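Student: The structure follows.
The values are calculated or read from the model by the stated rules, or taken from the named source; none is laboratory data. As the structure is a prediction and not an experimental result, all values here were calculated from the model. Heads up, the Cβs are rebuilt from the backbone with ideal geometry, glycines too, and the neighbour counts pull from every protein chain shown. Protein only, heavy atoms only, side chains kept; ligands, DNA and RNA dropped before computing areas. Shrake-Rupley method; radii C 1.70, N 1.55, O 1.52, S 1.80 Å.
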Amino acid sequence: MRGGPSVLGIVLAGGEGKRLLPLTADRAKPAVTFGGTYRLVDFALSNLVNGDILRICVLTQYKSHSLDRHVTTTWRMSSLLGNYVTPVPAQQRLGPRWYSGSADAILQSLNLVHDEQPDYIAVFGADHVYRMDPRQMLAQHIESGAGVTVAGIRVPRKEASSFGVIMPARNGTRIDAFLEKPTDPPPLPGTPNQVFASMGNYLFTTKVLVDALQTDAEDAGSAHDMGGSIVPMLTERGVAQVYDFDGNHVPGETDRDHGYWRDVGTLDAYYDAHMDLISDTPVFNLDNRRWPIYTHPGQLPPAKFCAGGIAAESIVSPGCVIRGQVTRSVLSPGVVVEDGAVVQGSVLHDNVRVGRGAVVRGAVLDKNVEVPVGATIGVNPGRDAELYTVSKGGVIALGKGQAVH
């Protein structure tokens, strides 16, 4: 941001993602494939880059190899202008220990802040699906003089127990209280059925963040978490503000996908977010060329439909070969659906092969899964529950290369 305030982006990508098993059995959650060709981390990075935050550190820890490789090979910025996106693995700079929380991850990586000396720091989560212009949030943060600004999204009050809940002051944007996953939170003033949920995106004035991290590090009882520790601390000091995500507008958005944000931390949420992509007027439109989501396209031929193969209300990525029938599904690169096979309401990752006459319904199949000739998934619920992971909502999930019986 030449001529304006300097902003360092920090993307928190070190979580285990246990609720998304088996998709996270062999990779970090931000590296999980989404929408055919993307990784979850691409959404946060695209928003930052589209918003002119061009110096970004991605903090990684658990099972980070594929994530590190993706960031390194895909997110190459102009070194001539000093811009970069770089993965930063846990370095144990403060002793022989791993990160004990998201705040501790930044504390152990403060060398990045000292090297860059930014005016502000944007701390974004790495595993949400949305579009957002961070410049609008930054403008409010600077104007308000806040120490931290927390992006908030309005959600039904009955869903509050899944989020950190922001209680704003009645006459402004100052945060009065920050409640971590409360069972009975007070509603928003004037909207009794809604609360402000934290999106996991924060803008800090640099000195405020550094001081808060150092204070938190001295508290042996702290969880050392950004939402659970740092934001409540700054709320008590009266320097925390909320930014209403509903007021954020990006070029090319539609009325239908304005304000879209999904935490895809469970199999059901992950599956539902994919179903949001596929209609003629999608709830979340991937084809917004004025605010693109970037990724590495790979070197594959166009998708091919042959032997009477068809696909309807689906996303079909490059390298796919469709000889059977595909409906309401998302297919990643290299998927093959053979003659007579049927794929319905499913998400198939890279190089999945569905054999001749096989049936796949309501399933998420990780990369390299091979469905044998005539096999079925999603046809016999009792049998599926014995053999595979089945979510509360009934989504059947198979991990990378898992055998189909």
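Student: I want the antiparallel fraction of DSSP beta bridges within the chain, as a percent rounded to 5.
Tutor: 35
Student: Another question about this same structure. With charges only on Cβ, +1 for K and R and -1 for D and E, what is the dipole size of region 366-405 about its Cα centre, in debye, rounded to 20?
Tutor: 100
Student: With +1 on the Cβ of every Lys and Arg and -1 on the Cβ of every Asp and Glu, and nothing else charged, how large is the dipole of the chain about its Cα centre, in debye rounded to the nearest 20?
Tutor: Roughly 760 debye for the chain.
Student: Another question, then. Test of understanding: what is the full-extension gain from Arg76 to Arg97, defined as 0.36 nm times their sequence separation minus their Cα-Cα distance?
Tutor: 4.5 nm
Student: Going toward the positive end of the dipole of region 32-90, with +1 on Lys and Arg Cβ and -1 on Asp and Glu Cβ, which of Gln61, Asn83, Asn50 do you reach last?
Tutor: Gln61
Student: Can I ask one more? Got a sec? Charge dipole of the chain, +1 on Cβ for Lys and Arg, -1 for Asp and Glu; which of Ser102, Gly221, Ala363 is way out at the positive end?
Tutor: Ala363
Student: Give me the Å³ per residue figure for the convex hull around the C-alpha atoms of region 64-211.
Tutor: Dividing the Cα hull volume of region 64-211 by its residue count gives 155 Å³.
Student: Pick out, from Thr281, Ile315, Ile293, the residue whose Cα sits farthest towards the positive end of the charge dipole of region 264-348, with +1 on the Cβ of Lys and Arg and -1 on the Cβ of Asp and Glu.
Tutor: Ile293
Student: Okay, next question. Express in Å², to the nearest 10, the accessible area of His258 obtained by rolling a 1.4 Å probe over the protein heavy atoms while all chains stay in place.
Tutor: Probe radius 1.4 Å; accessible area of His258 about 50 Å².
Student: Semi-axes of region 247-405's equivalent ellipsoid from the Cα gyration tensor, sqrt of 5 times each eigenvalue, largest first, rounded to whole Å?
Tutor: The three semi-axes for region 247-405 are 27, 19, 13 Å.
Student: Can you give the calculated 222 nm mean residue ellipticity of the chain, where each DSSP H run of n ≥ 4 adds -39,500 (n - 2.57) and the sum is split over every residue, rounded to the nearest 500 deg cm²/dmol?
Tutor: Calculated mean residue ellipticity at 222 nm is -5500 deg cm²/dmol.
Student: Note down the magnitude of the dipole of region 1-109 about its Cα centre, charges +1 on Lys and Arg C-beta and -1 on Asp and Glu C-beta and zero elsewhere, to the nearest 20 debye.
Tutor: With Lys and Arg at +1 and Asp and Glu at -1, about 120 debye.
Student: A follow-up question, please. Please compute the alpha carbon radius of gyration of region 287-365, then divide it by the globular-protein estimate 2.2 N^0.38 Å. Two decimals is fine.
Tutor: Computed over Cα atoms of region 287-365, the ratio equals 1.08.
Student: Here's something else I'd like to know. Can you tell me the length gained on complete extension of the stretch Gln117 to Ser144, counting 0.36 nm per residue apart and subtracting the Cα distance?
Tutor: Additional length available on full extension: 7.6 nm.
Student: Return, ordered by residue number, the residues of region 9-50 whose backbone nitrogen is under 14 Å from a label point located 7 Å along Cα→Cβ of Asn368.
Tutor: Answer for this model: 25-27.
Student: While we're here: Could you list log10 I(q)/I(0) for region 26-121 at q = 0.21, 0.23 Å⁻¹, which the Debye formula gives when each Cα is one point scatterer?
Tutor: -1.21, -1.36
Student: If you average 1/r over all unlike Cα pairs in region 192-267 and invert the result, what Kirkwood radius do you get in angstrom?
Tutor: Its Kirkwood hydrodynamic radius stands at 15.1 Å.
Student: On C-alpha positions alone, give me the angle between the axis of helix 206-217 and the longest principal axis of the chain, in degrees, nearest 10.
Tutor: That helix lies at roughly 80 degrees to the long axis.
Student: Right, another one. Which length gain, in nm to one decimal place, applies between Lys392 and Lys158 when the Cα-Cα distance is subtracted from 0.36 nm times their residue separation?
Tutor: 82.4 nm
Student: Hey, rough spin-label estimate for His249 and Thr281, points 7 angstrom out along Cα→Cβ, what's it come to in nanometres?
Tutor: Label-label distance for His249 and Thr281, simple model: 1.9 nm.
Student: While we're here: Along the Cα→Cβ direction, 7 angstrom out, place labels at Asn193 and Gln344. What is the inter-label distance in nm?
Tutor: The modelled label-to-label distance comes out at 3.2 nm.
Student: Still on this structure: Express the carbon and sulfur contribution to the solvent-accessible surface of region 1-148 as a percent, rounded to the nearest whole number, probe 1.4 angstrom.
Tutor: Within region 1-148, the accessible surface is 50 percent carbon and sulfur.
Student: Then there's this: Any idea what angle helix 41-50 forms with the longest principal axis of the chain, computed on alpha-carbon atoms, 0 to 90 degrees, nearest 10?
Tutor: For 41-50 against the chain, the angle is about 50 degrees.
Student: Let me ask you something else. To the nearest 10 square angstrom, what accessible area does Thr191 show with a 1.4 Å probe?
Tutor: 40
Student: Among the trypsin sites (Lys or Arg not before Pro) in region 300-405, which ones are in a DSSP loop with at most 10 other Cβ atoms within 10 Å of the Cβ? Mind listing them?
Tutor: Lys392
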